[in-house]
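> Dropping a structure here in structure tokens format, bear with me for questions.
Read the figures in this text as sums done on the coordinates, not as results from a lab. Keep in mind that this is a model prediction, so the values were computed, not measured. Because the Cβ atoms are built from the backbone with ideal geometry, glycine has one as well, and the counts that use them run over all protein chains shown.
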Amino acid sequence: MKVERKTIPQEEIERQVQICHVLFDRLTAGGVQPLALVDTYGCQQNEADSEKLRGYLREMGCGFTEDEFQADIIVVNTCAVREHAEMRVLGNVGALNHSKKARPGQIIAVCGCMVQQPHMAEKLKKSYPIVDLVFGPHELWRFPELLQTVMDRHKRIFAAEKNDGAVAEGIPMARDGRVKAWLSVMYGCNNFCTYCVVPYVRGRERSRLPEEVIREAEALVQAGYKDITLLGQNVNSYGKDLGLDVDFADLIRRVNAIPGDFLIRFMTSHPKDATEKLFRTMAECEKCAHHIHLPVQSGSNRILKAMNRSYTREKYLEEAAKAREWMPDLVLTTDIIVGFPGETDEDFAETLSLCEEVRYDAMFTFIYSPRVGTPAASMPDPYTREEKQKHFDALTELANRISAEKHLQYIGTRQRVLVDGETGRGEYNLSARTNGGRLVHLQGDSALIGRFLEVEITGGNTWALYGKEVTEDG
Ligand code: 5AD
Ligand code: SF4
């Protein structure tokens, strides 16, 4: 069957890389290595996008810095999911005034989801004259060209037109870590949950071809990565747009077949696309972590309907139970929005009772934030911020209590963990993750980073477990 989707021709990406090399000569002409700062807000998809921005910048000869006063090029990769993230971005971009004054040639670019909203692009144009370049997620593949135009013409560029999006392969990436890697398998979202801005800024769902995903996963395993997270806004609808008879479960099976000792994770899943086939595949594929992040958003059917979530509380509970039948050791996490327009005490009580019933390992809780242009933003919202805050606090307390109870149950068990970094803190200097993704603090040599270890869990609280390596002689 023919695959119908917009792809960026390979020659176009090659042309962007060539532009990087032209800029390399220019930027390094003074004999000093240029420095770039990439500041990332929001989700893992944005982290993955920033790795592409850094990939291009590295091709231009740039090194990287965290200090805006040292940077020749600053790229702020933004998020639009909640107002709070946008306010932080605007505050931080405004503060770049000082570094730009100190380094007049400094180029400041702002990209990502926030600027794909016309009112935000306009705001940057009018009120943030220090910003030289603005581009939305759909233009990321041509960042070198946009940057070159800013440098050649000495004028501000705004590139964030409305766009359904395309798939671009072959953009160079400079990855952040050496142990864990993000692997985008699809982009965009078709769900239009009524509170969410993502479908407006990231375009329609489009999957990468399975062979492209497999090629990238093989390269990651070859390069020694031990923990690969398959990413998509709605990852378990992977393949629906391809017409190739490959769904997300099939993709997991194909990644699982790659030889090597590594873990497969994925996020984020939508309950409407979480099938028994997916749970069975997770259970049968030995490399697939037994963790599913399954955002429920609310426990009230009335609110779920108003959110356009396409499932009921009962269907969700059934699914969670089914997933645990296949994987009794499953780690289940979720996202919840408190204070959706019109959410009553009764609706909220339904959310609490659902959480008590499911007993999530961890919950990410948010107070509803109205987003321009989404249907929920024009729904009547009679409840005050204080009322919503009260609900939020009650939910946080419940979430913390359950997480702590679950973590205490680990004490005395043995877990296979992947050591992924240093904590920079005292006695427990290493951090690791269990198969289900729970954080474990350990003591040990930093040479253990990137290794799987058997540990005994010796302690735990709401946020983390503590463990010690099990050695051969006990
Ligand atoms: N307000 C608050 N939380 C939101 N989320 C998405 N949109 C909004 C919003 N407008 C939350 C959802 C989603 C998570 C990534 O962010 O819970 O799952
Ligand atoms: Fe937003 Fe819903 Fe799509 Fe998630 S599934 S990105 S919450 S519209």
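> Of the residues Arg54, Arg26, only one is among the basic types (Lys, Arg) and closer than 28 Å to Val81 by Cβ; which? Talk me through it step by step, then tell me what you get.
Working: Arg26 fails: closer than 28 Å to Val81 by Cβ.
None of the other options fit; the residue is Arg54.
> Regarding Glu343, is this residue of a type in the set (Asp, Glu), surrounded by fewer than 20 Cβ atoms within 10 Å (Cβ to Cβ) and not in a strand (DSSP E or B)?
No, not satisfied.
> Looking only at segment 187-208, which residues are within 16 Å of ligand 1 (Cβ to nearest atom) and in a strand (DSSP E or B)?
Tyr187
> Output the residues belonging to segment 24-64 that are more than 23 Å from Thr229 (Cα to Cα) and in contact with a helix residue (DSSP H, G or I) (Cβ under 6 Å, 6 or more places away or on another chain).
Pro34, Ala36, Glu59, Met60, Gly61
> Of all the strands (runs of 3 or more DSSP E) wholly in segment 390-453, which have at least 3 residues that are surrounded by fewer than 17 Cβ atoms within 10 Å (Cβ to Cβ)?
So the answer is 414-422.
> Only residues in segment 33-48 that are closer than 15 Å to Leu96 by Cα count as the first member; pair them with residues that are part of a loop (DSSP other than H, G, I, E, B) and of a type in the set (Val, Ile, Thr), Cβ under 6 angstrom, at least 6 apart or cross-chain, and list the lot.
Leu37/Thr65
> Take the residues of segment 72-106 that are over 22 Å from Arg54 (Cβ atoms) and within 16 Å of ligand 1 (Cβ to nearest atom): which is surrounded by the fewest Cβ atoms within 10 Å (Cβ to Cβ)?
Looking at residues that are over 22 Å from Arg54 (Cβ atoms) and within 16 Å of ligand 1 (Cβ to nearest atom), I get Met87.
> Looking at Tyr225 and the list (1) part of a helix (DSSP H, G or I); (2) surrounded by 21 or more Cβ atoms within 10 Å (Cβ to Cβ), which single condition is not satisfied?
The single condition Tyr225 does not satisfy is (1).
> Which residue is nearest to ligand 1 (Cβ to nearest atom), if the candidates are limited to segment 298-311 and must be outside any helix (DSSP H, G or I) and in contact with a helix residue (DSSP H, G or I) (Cβ under 7 Å, 6 or more places away or on another chain)?
Restricting attention to segment 298-311, the residues satisfying the condition of being outside any helix (DSSP H, G or I) are 298-300, 307-311.
Remaining after also requiring in contact with a helix residue (DSSP H, G or I) (Cβ under 7 Å, 6 or more places away or on another chain): 298-300, 310-311.
On the way: Ser298: 10, Gly299: 13, Ser300: 15, Ser310: 14, Tyr311: 14 Å.
Across segment 298-311, the extreme among qualifying residues is Ser298.
> Shifting gears a bit: Scan Pro382, Pro328 and give me the residue that is away from ligand 2 (no atom under 16 Å from the Cβ), within 30 Å of His119 (Cα to Cα) and more than 26 Å from the chain's Cα centre (by Cα).
Checking each option against the conditions leaves just Pro382.
> List pairs: first in segment 102-123 and under 14 Å from Asn46 (Cα atoms), second of a type in the set (S, T, N, Q) and buried (at least 24 other Cβ atoms within 10 Å of the Cβ), Cβ under 6 Å, 6+ apart or cross-chain?
Every condition considered, the pairs that remain are Cys111/Asn77; Gly112/Asn77; Gly112/Thr78; Met114/Thr78.
> Report whether or not Ala249 is in a helix (DSSP H, G or I), surrounded by fewer than 16 Cβ atoms within 10 Å (Cβ to Cβ) and more than 16 Å from ligand 2 (Cβ to nearest atom).
Answer is no for this residue.
> Next question, about the same structure. Mind checking which residues of segment 200-222 are of a type in the set (D, E, K, R), within 16 Å of ligand 2 (Cβ to nearest atom) and surrounded by 22 or more Cβ atoms within 10 Å (Cβ to Cβ)?
Selection gives Arg202, Glu205.
> Output the residue which, of all residues in segment 278-297 that are of a type outside the set (Lys, Arg) and part of a helix (DSSP H, G or I), is farthest from ligand 2 (Cβ to nearest atom).
From segment 278-297, those of a type outside the set (Lys, Arg) are 278-279, 281-286, 288-297; that's our starting set.
Narrowing further to those that are part of a helix (DSSP H, G or I): 278-279, 281-284.
Working: Leu278: 16, Phe279: 19, Thr281: 21, Met282: 20, Ala283: 25, Glu284: 26 Å.
Here the answer is Glu284.
> Something else: Go through segment 146-199 and give me each residue that's touching a residue at least 60 places away in the same chain (Cβ under 8 Å), within 16 Å of ligand 2 (Cβ to nearest atom) and either among the hydrophobic types (A, V, I, L, M, F, W, C) or touching a Pro at 6+ places or on another chain (Cβ under 6 Å) (or both).
Passing the criteria: Val185, Phe192, Cys193, Thr194, Cys196, Val197, Val198.
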